[in-house]
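Input: a single structure, listed below in structure tokens.
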Amino acid sequence: LDKYTRAKHAVLAGADVVVELPAEYSLSAAPQFALGGVKAANLIKDATLFFGSECGDISMLENAADTLSDPEVNERIKALVKEGAGYPAAVAAATGNDLFSISPNNVLGIEYLKAINDTGRKISAYTVKRESTPDDDAPKGYPTSSSLRKTAFEGEKIDPCFVPSYVLGDIEKHPLDDTAYFSVIKYILTAQNASNVYDDTEGLSNRLRNAAASSVSFEDFCSSAASKRYTRARVKRLALNTAINNTFTHKELTDKPVSFLNVLAVAKGKEDLLSDISVPLAVSR
């Protein structure tokens with residue numbers, strides 16, 4: 001679903017204001033994604049960052065974040081990623097901490113806390129234990145959002161006890177079709193010989209170009225381009241970064257100020273909260 005529909009869902013679920021995480025952050029790996037969220041939160045008066053995690057222990061996550069601030073650890077992580085390891089696996093190996101290797105929400109939470117440290121800790125943080133099942137066959141807990149999206153994409157019915165009625169209704173009204181945007185991505189990927197976009201490495205551009213040329217849908221493309229070394233998530237991010245020509249490096253994203261925030265939705269009667277945001281606001285719809 002598009003970002004405005006999702007923002008409407010957030011307001012219906014109780015949010016007062018929904019702002020957009022800029023694409024250069026949202027289409028990146030956990031460190032940059034978290035950095036963008038924290039930089040945006042730093043612009044809001046008296047902000048507290050809430051996030052879900054598998055462990056639900058903020059002290060444990062803060063200790064792991066402190067470990068990530070060690071320059072030697074970061075050099076080991078970079079070396080392992082360069083050798084082909086995925087980021088969570090590289091961090092787990094470099095730190096000896098299993099919080100990174102098996103729990104994606106722990107990984108993102110740790111990156112949030114590291115970003116708070118790196119940007120001067122203007123906000124506080126709190127974690128909520130995330131009760132979810134790792135796969136559809138697990139006997140207890142809630143299905144992940146990924147598994148629900150997979151169910152919808154395959155045209156199957158989603159159990160209404162797992163999704164609010166207003167979300168389920170919009171999903172059923174808008175069948176998933178990636179034909180239009182994949183046509184754009186396919187054109188861009190097959191028309192260029194090289195790429196200097198974020199997260200591209202030698203050989204990956206060729207892999208994506210060949211996969212795009214022989215694919216008929218975005219899902220088909222992701223399945224064809226992904227491998228043990230290049231995960232589906234990374235393939236998706238790189239394809240979309242190529243489409244928008246996102247060339248920012250992590251250092252550039254760290255140094256780059258957030259000059260405005262795009263407001264996607266505001267709950268009725270809560271417009272006064274916009275004055276708590278310290279940068280200009282854009283309202284694009």
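The values are calculated or read from the model by the stated rules, or taken from the named source; none is laboratory data. For clarity, every value in this text was computed on a predicted model and none was experimentally measured. We place every Cβ from the backbone using ideal geometry, glycine too, and count neighbours over all the protein chains shown. Just so you know, the surface numbers come from the protein's heavy atoms only, side chains and all, with ligands and any DNA or RNA stripped out. Shrake-Rupley method; radii C 1.70, N 1.55, O 1.52, S 1.80 Å.
Here are some notes:
- Two-decimal Rg/Rh across region 52-100, once Rg and the Kirkwood Rh are taken from alpha-carbon atoms: 1.00
- Cross-link pairs exceeding 22 Å between alpha carbons, from the set Lys8/Lys270; Lys45/Lys268; Lys228/Lys251; Lys150/Lys268: Lys228/Lys251; Lys150/Lys268.
- Note, ³J(HN,Hα) from phi for region 30-38, Karplus 6.51, -1.76, 1.60, rounded to Hz, x at Gly and Pro: 3, x, 6, 4, 5, 4, x, x, 5
- Here the accessible area of the chain is 54 percent carbon and sulfur, with a 1.4 angstrom probe and all protein chains present.
- Here the chain carries DSSP beta bridges of which approximately 30% are antiparallel, counting only pairs with both residues inside.
- Across region 207-223, computed HN-Hα scalar couplings (Karplus, 6.51 cos²θ - 1.76 cosθ + 1.60, θ = phi - 60°) run 4, 5, 4, 5, 5, 5, 5, 9, 10, 10, 8, 5, 5, 4, 4, 5, 5 Hz from first to last residue, x flagging Gly and Pro.
- Heavy-atom accessible surface of the chain, averaged per residue, reaches 57 Å², computed with a 1.4 Å probe.
- Set of region 1-33 residues, backbone N closer than 17 Å to the point 7 Å along the Cα-Cβ line of Thr231: 26-33
- Residue with peak Gaussian network fluctuation, the chain [Cα springs, cutoff 10 Å], from Ala13, Ala89, Ala243: Ala13
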